[in-house]
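This report concerns only the one structure given below.
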Amino acid sequence: MKMYLAGLALLICAATVSLARAEKPLTDYSFVRGVNYGMQGDQATTERDLGYAKRVNLNSTRIWLNYKAYQKDPQGYIDRLRNYIRTSYRLGFTTMPILFNGNGLDPATLKPEFHPEGDAYVKAVVSAIKNEPGLLMWDVMNEPDYNDYVLKATGDEKTQRTAEITEFVRYYMAKVRESDAVTARTAGYAFSKNVAPIADVEDVVSFHDYSATRARVEAAYKIAEDVAKKYNKPILNSETACIARANPYDEAIQIAAEHHSGWYLFNLIIQGYWGEVHGIFYPDGTVRDPSIISAIMGFQINRDLNTMVRPQPNREGHAAEAIKEIEAALAEPTTPFGHVNASTDNILEAAEHAANLLESAQMVPMIVPPTARIQYWRSQPPEKRDRAAIRAFAYDLGEQLKKDCQLF
């Protein structure tokens, strides 16, 4: 595993939190080590979740606001937002609120008739929050380029609709500046190829990248960097990492560091609609993939075949010993009146010996770790356990260990 300036990143992070309320937008946001989150939970849940993020040195959250929710209870909504930002700041996080969401775009909001409603919402929220020390920047609209209104259109209609959305984003960039003369503004486009039309009026060029290969990720950054250089603006990758898009967390973080870009992972908690493909922590604080935690902490998986050291779980004979334990547990001696069933506890004990070797040496898929299945069976009363399944499971572990350690 390789270290990528983790110590320096932490120093920059510590120094920059106090700069978030600078007299003008910053020229460098590479210190941002953020995560997408929400403020739907109660106070205890928010503090619990941010506590997990703090343990791995994350320092910012990007959160979705909702103008319809605001309209139902304007003051209550602002109070909840202010409380979230203050709680986050107390725990060591800056906040990037998102004013509008392009994913669920209502085309009616693009019309001038929406301005009185939209203007009142933006003015109220921005004016109420602008002096909070934990406010990092405003994201005027999440993914303006990724919604059915644009994606299902073709030809001239697609061009016209894209222009409508661009005008909406530019209009509310100006409205945010009217109420807040200091805080940086951006719009998190789904693709860097679409950022250019608003780059002259935003303070940070931000984009999302879930590309499937290193070359494609590099190409996305190149586009963003070219636009940012033209307008003398910093860049920020405000959504990245998805296991279902061949965009692994460790590679996404590494490439961002190489491009001197801050980043926001998607997302903090493994739950709900996106839980199958996104997330760092389960609600109980456990993790799905320790390599994500390692990457956040500044370490990367070694992919260099010239330096990689292959694990040898049988170096001290433990693999051979585990195989013997499994064979003994499965033997089940017979008598004139039938066979004697071995205790499932004994079988699981032998299976755990093999499972620990295989998992430690990364010789088995970890989507459902063998030790998780062992824990599941042990949680059941012995008389309720599926004995045949346990025997087959232990046998398969032994065979896998034999194959990987070449013990025939």
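The values are calculated or read from the model by the stated rules, or taken from the named source; none is laboratory data. These numbers come from a predicted model, not from an experiment. Glycine gets a Cβ as well: all are built from the backbone with ideal geometry, and neighbour counts include every protein chain shown.
Odds and ends about this structure:
- Residue satisfying condition, being over 23 Å from the mean Cα position of the chain (by Cα), modelled with pLDDT of 95 or more and of a type in the set (A, V, I, L, M, F, W, C), within set I98, I165, I85: I165
- So A322, is it small (G, A, S), part of a loop (DSSP other than H, G, I, E, B) and either touching a residue at least 60 places away in the same chain (Cβ under 8 Å) or assigned by TED's automatic domain parsing to the domain that holds L401 (or both): no
- Cβ-Cβ under 8 Å pairs, at least 6 apart or on other chains, region 41-66 side over 27 Å from A184 (Cα atoms), far side hydroxyl-bearing (S, T, Y) and crowded, with 17+ Cβ neighbours inside 10 Å: Q43/T87
- Subset tally (residues that are within 27 Å of Q40 (Cα to Cα), outside any loop (DSSP other than H, G, I, E, B) and either touching a helix residue (DSSP H, G or I) at 6+ places or on another chain (Cβ under 7 Å) or not assigned by TED's automatic domain parsing to the domain that holds D42 (or both)) for region 254-283: 4
- Meeting the requirement of 2 or more residues that are more than 23 Å from Q271 (Cβ to Cβ) and assigned by TED's automatic domain parsing to the domain that holds L268, the helices (runs of 4 or more DSSP H) wholly within region 37-127 are 67-72, 74-90.
- Test: residue in region 297-318 that is within 26 Å of A389 (Cα to Cα) and either surrounded by 10 or more Cβ atoms within 10 Å (Cβ to Cβ) or modelled with pLDDT of 95 or more (or both): yes
- Residue count for region 212-231, restricted to those that are over 15 Å from A256 (Cα atoms) and among the charged types (D, E, K, R): 3
- Test: S206 is crowded, with 22+ Cβ neighbours inside 10 Å, at pLDDT 95 or above and polar (S, T, N, Q): yes
- Residue list for region 139-154, filter: within 21 Å of S206 (Cα to Cα) and crowded, with 16+ Cβ neighbours inside 10 Å: D139, V140, M141, N142, E143, P144, D145, Y146, N147, V150
- Within region 79-103, residues that are crowded, with 20+ Cβ neighbours inside 10 Å sit with their Cβ atoms under 9 Å from residues that are of a type in the set (K, R), at 6+ positions apart or across chains, in these pairs: F93/K54; T95/R62; M96/R62; P97/R62; I98/R62.
- Conditions (1) under 23 Å from I367 (Cα atoms); (2) of a type in the set (G, A, S); (3) in the same structural domain as A355 (by TED's automatic domain parsing): number failed by A328: (1)
- Residue within region 243-250 that is part of a helix (DSSP H, G or I), crowded, with 18+ Cβ neighbours inside 10 Å and of a type outside the set (G, A, S) present: yes
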